[in-house]
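The values are calculated or read from the model by the stated rules, or taken from the named source; none is laboratory data. Note that the structure is a prediction, hence the values are computed from the model and not measured. Note that we place each Cβ from the backbone using ideal geometry, even for glycine, and neighbour counts take in every protein chain shown.
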Amino acid sequence: MKTNSFKIVVSAAAILLAIGGSFVSHASEKKTNIIVPGYIIPTGDFICRNLTTCSNVSNPVVCTVIYQNGNYQAYNKQSGTDVVCDILLWKPNL
């Protein structure tokens, strides 16, 4: 009798873990739209300028900004530096 109830409890626990695991793994596949500052280095300038917001989640459209009659692709800065903006960013999905 104890063995049967133990088997039922273990089976129920395994089913609940499997269901919970499927929800957790499905949620991790969903990409969230993370907004980050978009920087450009205008022609003739040497400093990264924050002029827009972009996303670091890849999608088909890169992040761009129009500045002083020029169209610039926006990038993210390397850790804390003001002169290296080379991390590709994308247009946010709003």
Please find, among Lys7, Lys2, Lys30, the residue that is surrounded by 10 or more Cβ atoms within 10 Å (Cβ to Cβ), charged (D, E, K, R), modelled with pLDDT under 90 and out of contact with any strand residue (DSSP E or B) (no Cβ under 8 Å at 6 or more places or on another chain). Lys7
Among the residues of the stretch 54-72, what is the count of those that are in a strand (DSSP E or B) and within 22 Å of the chain's Cα centre (by Cα)? 6
Right, Thr43: surrounded by 17 or more Cβ atoms within 10 Å (Cβ to Cβ) and β-branched (Val, Ile, Thr) or not? no
Return the pairs, sorted by first residue and then second, in which the second residue is part of a strand (DSSP E or B) and at pLDDT 85 or above, the first residue lies in the stretch 24-51 and is among the basic types (Lys, Arg), the beta carbons are less than 9 Å apart, and the residues are 6+ apart or on different chains. Arg49/Tyr39; Arg49/Ile40; Arg49/Tyr67; Arg49/Cys85
